[in-house]
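Asker: This is the structure, below, for whatever I ask next.
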Amino acid sequence: MTWPGDALVAVAQKFLSDIQLEASVRPAITSTCQHFHDAACVLSEKFQSKTGRINYVTPTSYLELILAFKDALGKRRAAVKKEKDRYQNGLEQLAVAEESVGGMQKELTDLQPVLKQSQKDTDALMAEIESKLPGVRKEEAVVGKEAAVAQGEADEVQKQVDEVQADLDEAIPALNDALKALDTIKPADIDEVRKLAKPPATVKLVAEAVCVMLGEKPVKVQDPEDPSKKIWDFWPTSQKMLNDKGFIPRLKHYDKDNIPIKVMKEMRTKYKQDPSFTPENAKKASSAAAGLCKWCYAMDTYDRSALA
């Protein structure tokens, strides 16, 4: 049974009546629902005439289309609201900070006359002390030396601050590049790597490094060179890890501020010392491996700057 156009519009209006839409938008959406249904019917007829196979487009299909639109719209609106609330909260915090800074600036301005008067009083007192105590010059020399020492310490602190900032200037772009690299990794790329029975050595090395970063443990397998023995191997663990749909999100939300010291030590002494452990070498074997290698390097760079 095929519903007439006005019936399709009426059904759409009824099922969409409980969601908030602008008056100018609602007719367009209901018309679009009708158009999709009619178009599906036309295409189904063409499909039947060409292939002899029937694709049923029923009233139930039309209702499912409307419900799917409502569900998608609800999810999208919730996501937009969440982002809006987050930015609104950020703006409020900036406003509070601005108000606090303004208050402190006013206090400093108000204190200027007091500071100037204090300076005058101090100058007068120093003149009196100089006239009465010849030893003041000697004490002044001592104070000058102490000031020089204090300035030297201040310069050293500033040097450390500059070094930390330089590390951050290096770490943040590296971290952003790593996250962008993760975005380029497609599920098909991951599946291609995971299904390799005998993966290239570089791919195995990168996957093993990622396992170490994530705290995944190797398993014992039969030694291919001596079947009577068993060896520890990360590849079965890597395949299981790569098969996890949450693998990429797990890397993106990695707790980079609390990486265990033992993990970073192993990364630096074992994997980064291996000449083949580079994004360039990994890319020759797999684009996915290159992105994962970049992520390992970014975590190392960030960790170094955080500890500096």
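The values are calculated or read from the model by the stated rules, or taken from the named source; none is laboratory data. No experiment lies behind these values; they were computed from the predicted model shown. We place every Cβ from the backbone using ideal geometry, glycine too, and count neighbours over all the protein chains shown. Ligands, DNA and RNA are excluded from the accessible area calculation, which covers all protein heavy atoms including side chains. Shrake-Rupley method; radii C 1.70, N 1.55, O 1.52, S 1.80 Å.
Asker: Checking S228 against (1) surrounded by fewer than 14 Cβ atoms within 10 Å (Cβ to Cβ); (2) part of a helix (DSSP H, G or I); (3) small (G, A, S), which single condition isn't satisfied?
Answerer: (2)
Asker: Considering each of S238, S276 in turn, give the residue that is of a type in the set (G, A, S), touching a helix residue (DSSP H, G or I) at 6+ places or on another chain (Cβ under 8 Å), surrounded by 17 or more Cβ atoms within 10 Å (Cβ to Cβ) and farther than 21 Å from A306 by Cβ.
Answerer: On the way: S276 fails: surrounded by 17 or more Cβ atoms within 10 Å (Cβ to Cβ).
None of the others qualify; the one that does is S238.
Asker: If you take the residues in region 58-86 that are in a helix (DSSP H, G or I) and among the β-branched types (V, I, T), which one is nearest to V25 (Cα to Cα)? If you could, list the steps in order and put the result at the bottom.
Answerer: Start the filter on region 58-86 by keeping residues that are in a helix (DSSP H, G or I), which leaves 59-86.
With among the β-branched types (V, I, T) added as a condition, the list becomes 60, 66, 80.
Details: T60: 24, I66: 15, V80: 19 Å.
Filtering first and then ranking leaves I66.
Asker: Considering only residues of region 164-218 that are in contact (Cβ under 8 Å) with a residue 40 or more places away in the chain and of a type in the set (S, T, N, Q), which is most open to solvent (accessible area, probe 1.4 Å)?
Answerer: Result: T184.
Asker: Just a yes or no: is a residue in region 255-268 open to solvent by 80 Å² or more (accessible area, probe 1.4 Å), of a type in the set (K, R) and at pLDDT below 95?
Answerer: Checking region 255-268: not a single residue is open to solvent by 80 Å² or more (accessible area, probe 1.4 Å), of a type in the set (K, R) and at pLDDT below 95.
Asker: Need a quick list: helices (runs of 4 or more DSSP H) entirely within region 125-222 having at least 2 residues that are at pLDDT below 90, acidic (D, E) and touching a strand residue (DSSP E or B) at 6+ places or on another chain (Cβ under 7 Å).
Answerer: none
Asker: Looking at region 279-308, which of its residues are of a type in the set (G, A, S) and crowded, with 19+ Cβ neighbours inside 10 Å?
Answerer: Initial filter on region 279-308 (of a type in the set (G, A, S)): 282, 285-291, 298, 305-306, 308.
Once the filter is applied, which keeps residues that are of a type in the set (G, A, S) and crowded, with 19+ Cβ neighbours inside 10 Å, region 279-308 yields A282, A285, S286, A288, A289, A290, G291, A298, S305.
Asker: Could you give every pair whose Cβ atoms fall below 8 Å, whose first residue belongs to region 51-63 and is without any contact (Cβ under 8 Å) to a residue 60 or more places away in the chain, and whose second residue is open to solvent by less than 40 Å² (accessible area, probe 1.4 Å) and small (G, A, S), counting only separations of at least 6 or pairs across chains?
Answerer: That search, which allows pairs on different chains as well, returns I54/S44; N55/S44; Y56/S44; V57/A40; V57/S44; S61/A40.
Asker: Turning to a different aspect of this structure: Could you please find all residues in region 1-50 being in contact (Cβ under 8 Å) with a residue 40 or more places away in the chain, in a helix (DSSP H, G or I) and not aliphatic (A, V, I, L, M)?
Answerer: The answer is F15, and nothing else.
Asker: I'm checking my understanding of the structure. Among residues of region 270-297 that are under 24 Å from N243 (Cβ atoms), in a helix (DSSP H, G or I) and aromatic (F, W, Y), which one is farthest from the chain's Cα centre (by Cα)?
Answerer: This residue is Y271.
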